[in-house]
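I have a structure I would like to understand better, so I am pasting it below and will then ask my questions one at a time.
Values quoted throughout were computed directly from the atomic coordinates according to the rules given, and no laboratory measurement underlies them. Remember, predicted model here, so these are calculated numbers, not experimental data. Here the Cβ is made from the backbone with ideal geometry for all residues, glycine too, and neighbour counts use every protein chain on show.
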Amino acid sequence: MKKQLVTLGLLFTAVSIGAQMKKTESDTIKIQTIEDVNLYKTGNPNKAKPLSTKSNLTVMETPQPIAIVTHEIIEQQQAKQLSDVIKNVNGIYLTSARGGSQDSFGGRGFTFGNDNIFKNGAKINSGVFPEVSGLERVEVLKGANAMLYGNVGPGGIVNLITKKPKFNFGGSVGFSAGSWNSYKPTVDIYGPLSKNIAFRVNGTYEYAESFRDLVESKKNYFNPSFLFNLSENTQLIVEGDYLYHTFTPDFGIGSVTDNATGVSRLATEVSRNQFFGTNWQYQTNQQATTDIILNHRFNNNWSLNAVASYQNYTKDYFSTERVQWAYNSKTNNLNPSWTRPVGRTYNEQNYTSLQINLNGEFKTGNINHKLLVGTDGDYGVADSYTFKLSSTTLGTFLLNDPSTWTNDGTMPTADKAYRRRIPTRRFGVYAQDLVELTKSLKVLAGVRYSYLTNGESSDNIFIPGYVIPVASAKTEDHAFSPKVGIIYNPDENISVFATYTNSFVPNTGTTVNFESLKPSTVDQYEIGIKKNIFNNAVAINLTAYQIVNNNNYTTARFKADGVTQNSDSNLKEFAGKVRSRGIELDITGNPLTNLSLIGGISYNNAVYTKTPDIYGYVEDQRLVRTPAVTTNISAFYTFTNFAKGLKIGTTVFYTGDRKAGWNDTKNQTQVTRMIDVNGFTTVDFSAGYDWKKFSIQGKVGNLFDTVNYNVHENYSVNPITPRNFYFTLTYKL
């Protein structure tokens, strides 16, 4: 309760400060802001100049698909978390996290990790549910982006752009509430402190229970920022960002496995609200970041951008785990049982990064150039604590006997056994040039050199004699990542492109013989067309691609003797190649003045190829957790004559059939290791009304109460949210 009062006190203090600063509006000067005027006038992302490309290239000059979700869309849809926002990005989809512990995404057949999520261009830990009320917009660069960002996964990157200070006073105070006793006050205040200094304060407190019994969440978020105009051509932004989130880990309803055949299915006979955990389990995440952004313009053709960032991330976790019901169909098929395991971990990461980007435009003879030259580097230290538990299990449940389904159970004692620390360093330099051969034909060429090292792990043992895994050895990887593309722009409203990109992704862990793993090398080929219609107000973009991960590893099934089953996730074996092919169609913009539209449809087929002959994965079998088809459409209309101030909208999201569990292996004894998960569609309906400075919005989520599940492997089976209601009242300053 004390933390809640402190947070609310900070919010209302910000309101008071903002009111006092309003009198200085007349002294403001114009500055460069994070908002893109062209984007907000039309809603057309093709008219924008995204920050995530690090360059001065427009979307039409960039030979890859780029999606942008603005704060207007986020607010119209009353998005609660990042997964609600990402649904608007065609081809990017939500995958289930272990215990529902974070927003986990995939794209183009590949899973997103820490290397795929950025905030203001700086890498952040993805093990949280980010707060979306402080976002100006979300930019997604689809596909491989190693040339710009280094060792990132091949599916794409997500860049969260936070709201920045302004020299005109404004902002809003809001309150949201909805189903299952959820409520959320918010504040967003900005304005000038002097002629050359501006501020902005975002903050919120959120409490939410759940349709799942005993599951709840509490979140505090505070995001102050200051902008300094150091001179007419130099701007400095200093921003802090703090997130505190404690919630109930939830492994869902689980799956049922037939021990005789190994075949599993979802335990769909269990009610959506049934919680199989305890009344004491918890997970607490804290993430504190600081960004310093310097923008300097030398002249009309040359500019410099530098970003320094520091992040501290902690995860404190103590919970029951892995809901799996098992039975032998020959002897005990009426009593599938499950013994609750218990897990306890604590993780901390400290991470510092710096990047510098120099952009320039010049000519060599009659040929125009847009040049980007940059460098980046980071240093991180990751600590993981292992605990010795007084008990690793809490009783046995029977699926067909609800009387055994108790949420009681004494919390085991947990003593720190040892801490493992792994330092990492990364450095890169890159250069990219867009060469205008003719007025219509352009060539983009770039290359990056990356060097990455994972230091040898060091251990601090707290319990003498405690047996710990073998320490990981130091690894060093380096590679060149080229990118080349051809762009045909007969006019400013159409762009046809083709690109090739090569990148590498380091692999963590070792072989069963404790040898370092080779990095994965990735080749991507892509063609596409971007077209503006309706007086440039709507973008229609079509893309086709092939991505090949040439060196994929997975957890080893056996130890070095080839017989003993392996349970150490740090021991890996070569799995083969992964080939992903697909096509994406996006439609975004304002076809009418009062109508905003964002939608798309994608198809992807990601499979294993060229796997080992013995115990290798079955080739040409769709990868688990990768839907073949995803579709999204969102339309909002604002009335300006009849019923002026009224706005209505609907959003429809479709996720296609998926496979859960694990891909099948050659020579396996069971019929299949995969679980069929049907596709599903959810429909949301929204209505709102603006009156003077007040705005009220209401939403019915999952209007038709669709039943479906997000599944992590075969044990964290989490039902999607049933029909729900949510409203927001906002006062604009």
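Can you compute the FRET efficiency between T375 and A643 using 1/(1 + (r/R0)^6), with r the Cβ-Cβ distance and R0 = 35 Å? Round to the nearest 0.05.
Working from the Cβ atoms, E equals 0.05.
Please enumerate, by chain and number, the aspartates and glutamates with C-alpha under 18 Å from the C-alpha of K219, excluding those fewer than 8 residues away in the same chain.
Partners within reach: D84, D103, E131, D188, E206, E209, D241, D250, D316.
Another one. Over all directions, the average projected area of the alpha-carbon convex hull for the chain comes to how many nm²?
32.3 nm²
Give the calculated FRET efficiency between A431 and T111 to the nearest 0.05, with a Förster radius of 25 Å applied to their Cβ-Cβ distance.
The pair A431/T111 has a calculated efficiency of 0.25.
Next up: Under a plain spin-label model, where a point goes 7 Å from the Cα along Cα-to-Cβ, how far apart in nm are T508 and T521?
2.5 nm
What is the fewest-to-most order of K559, K647, K442 by other Cβ atoms lying within 10 Å of their Cβ?
K559, K647, K442
Sticking with this structure for a sec: By how many nm would the segment from L334 to E209 lengthen if fully extended, with 0.36 nm per residue of separation less the alpha-carbon distance?
41.6 nm
Let me check I've understood the local charge: for A382, count other residues with C-beta under 9 angstrom from its C-beta, Lys and Arg +1, Asp and Glu -1. What total comes out?
Overall, the nearby charge balance is 0.
Taking the convex hull of the alpha carbon atoms in the range 256-371, what volume per residue do you get, in Å³?
Each residue corresponds to 239 Å³ of Cα convex hull volume.
Related question: Sorted from fewest to most neighbouring beta carbons within 10 Å, what does the list W662, W405 look like?
W405, W662
Same structure again: Just subtract the alpha-carbon distance of W302 and F534 from 0.36 nm times their residue separation and send over the number in nm, one decimal.
80.1 nm
Right, another one. Using the Cα atoms of the range 326-378 to build a convex hull, what is its mean projected area in square nanometres?
10.7 nm²
For K693 and I583, what does the FRET efficiency come to when R0 = 41 Å and r is the distance between their Cβ atoms, rounded to the nearest 0.05?
0.35
Sort T424, T396 by Cβ crowding within 10 Å, fewest neighbours at the top.
Arranged by neighbour count, lowest to highest, T424, T396 become T396, T424.
Compute the signed sum of charges (Lys and Arg +1, Asp and Glu -1) over the other residues within less than 13 Å, Cβ to Cβ, of N550.
Local charge sum for N550: +3.
Give, in nm to one decimal, the length gained when the segment between N667 and V707 is fully stretched (0.36 nm per residue of separation minus the Cα-Cα distance).
10.9 nm
Cα to Cα, under 23 Å, and not fewer than 8 places away if on the same chain: which lysines meet these conditions relative to K416?
K315, K388
Over all alpha-carbon pairs of the range 153-266, lay out the pair-distance distribution in 5 Å bins, whole %, shortest bin first.
For the range 153-266, the binned pair fractions read 2, 9, 13, 13, 12, 12, 11, 9, 6, 5, 3, 2, 2, 1, 0, 0 percent.
How far is helix 2-21 tilted off the main Cα axis of the chain, in degrees rounded to 10, range 0 to 90?
With rounding to tens, the tilt is 10 degrees.
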